[in-house]
Amino acid sequence: MSKSRKLILASGSPRRLELLGQVGIEPDRLMPMDLDETPAKAEHPRALAKRLSVAKATAARKALKGDPVWDRQLVLAADTVVAVGRRILRKPEHLDDASDALHLLSGRNHRVFTGLTLVTPSGGQRLRMVETRVRFKRLARADIENYVASGEWRGKAGGYAIQGLAGGFVARLVGSYSNVVGLPLYETIALLNGEGYDVHRSWHAEAG
Ligand SMILES: Cc1cn([C@H]2C[C@H](O)[C@@H](COP(=O)(O)OP(=O)(O)OP(=O)(O)O)O2)c(=O)[nH]c1=O
């Protein structure tokens, strides 16, 4: 029965929760999974996004074992990786890292990969990989200095947030916008629909 499906979002990212809310999806539970996100040696950015999304979803599923509604739970997780060629741009830790990332992105194309994993109630894994190409304008020194001072880069893959001030740096974008923010909505809905989750449930005022 589609109505009985419970959605667990294995994420602590406010962006992912907001994006789901934008399309009327409210997870029944949030389970942030704090994993080591260090890339393996020579790991391709796409492979990293896939591996980490699977790791987050399966870790959450494991932690839920024994839950009374275990057999009704869908566990969703995502991981977003920004890359210039094969080079992965981690989440900057310091001002200098953020500044280096922006210098690298300036006037160039880069790719944003999100791995999406849905673990089904029977323990099956459904996976989607989504890629968006983004081109930044050539950034002036003042763009970089002021952006770094804004602090918006904190906790963001690649050191920027397209949904904020850095939206003004984007000269071109090919693919899913929501993918860059952290959760590709079209693909997420397709995955959920495929597993019997009623995504339209909350679209009507009378819905409970
Ligand atoms: C490129 C980009 C990333 N981001 C954010 C989304 C993600 O929160 C983060 C990518 O890091 P992730 O490791 O994918 O996610 P997270 O650690 O923040 O959250 P969790 O693992 O608990 O789900 O970067 C933006 O908000 N805007 C952007 O434009």
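The values are calculated or read from the model by the stated rules, or taken from the named source; none is laboratory data. Remember, predicted model here, so these are calculated numbers, not experimental data. In this analysis, Cβ positions are derived from the backbone assuming ideal geometry, glycine residues included, and neighbour counts consider all displayed protein chains. Areas reflect the complete protein model, heavy atoms only, side chains present, ligands, DNA and RNA absent. Shrake-Rupley method; radii C 1.70, N 1.55, O 1.52, S 1.80 Å.
Figures for the structure shown
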{"item": "Cβ charges +1 (Lys, Arg) and -1 (Asp, Glu), total dipole of the range 2-194, debye", "result": "640 debye"}
{"item": "For the chain, the longest site-free run once GluC sites (Glu not before Pro) in DSSP loop states with at most 13 other Cβ atoms within 10 Å are removed", "result": "94-205"}
{"item": "Neighbourhood charge, 14 Å Cβ-Cβ cut-off, centred on T38 and excluding it, Lys, Arg +1 and Asp, Glu -1", "result": "-2"}
{"item": "Trypsin sites (Lys or Arg not before Pro) within the range 1-53, DSSP loop, no more than 10 other Cβ atoms inside 10 Å", "result": "K41"}
{"item": "Reach of K56 by Cα under 28 Å, taken over lysines that are not fewer than 8 positions away in the same chain", "result": "K3, K6, K41, K65, K91, K156"}
{"item": "FRET E, pair R133, S202, Förster distance 41 Å, beta-carbon r, rounded to 0.05", "result": "0.80"}
{"item": "Cα-projected label distance for S150 with A63, points at 7 Å along beta-carbon direction, nm", "result": "3.1 nm"}
{"item": "The range 2-194 - percent of accessible surface contributed by carbon and sulfur, probe 1.4 Å", "result": "47 percent"}
{"item": "Loop sites in the range 56-131: trypsin sites (Lys or Arg not before Pro), DSSP, at most 11 other Cβ within 10 Å", "result": "K65, R86"}
{"item": "Spin-label pair A140/N109, simplified geometry with 7 Å Cα→Cβ offset, distance in nm", "result": "2.7 nm"}
{"item": "Net length gained if the chain between H94 and L165 were fully extended (0.36 nm per residue, minus Cα distance)", "result": "23.7 nm"}
{"item": "Rg ratio (alpha-carbon, reference 2.2 N^0.38 Å) - the range 2-194", "result": "1.05"}
{"item": "Förster radius 41 Å - calculated FRET efficiency between L173 and A42, Cβ distance, rounded to 0.05", "result": "0.90"}
{"item": "For the chain, share of DSSP beta bridges that run antiparallel, in % to the nearest 5", "result": "80 percent"}
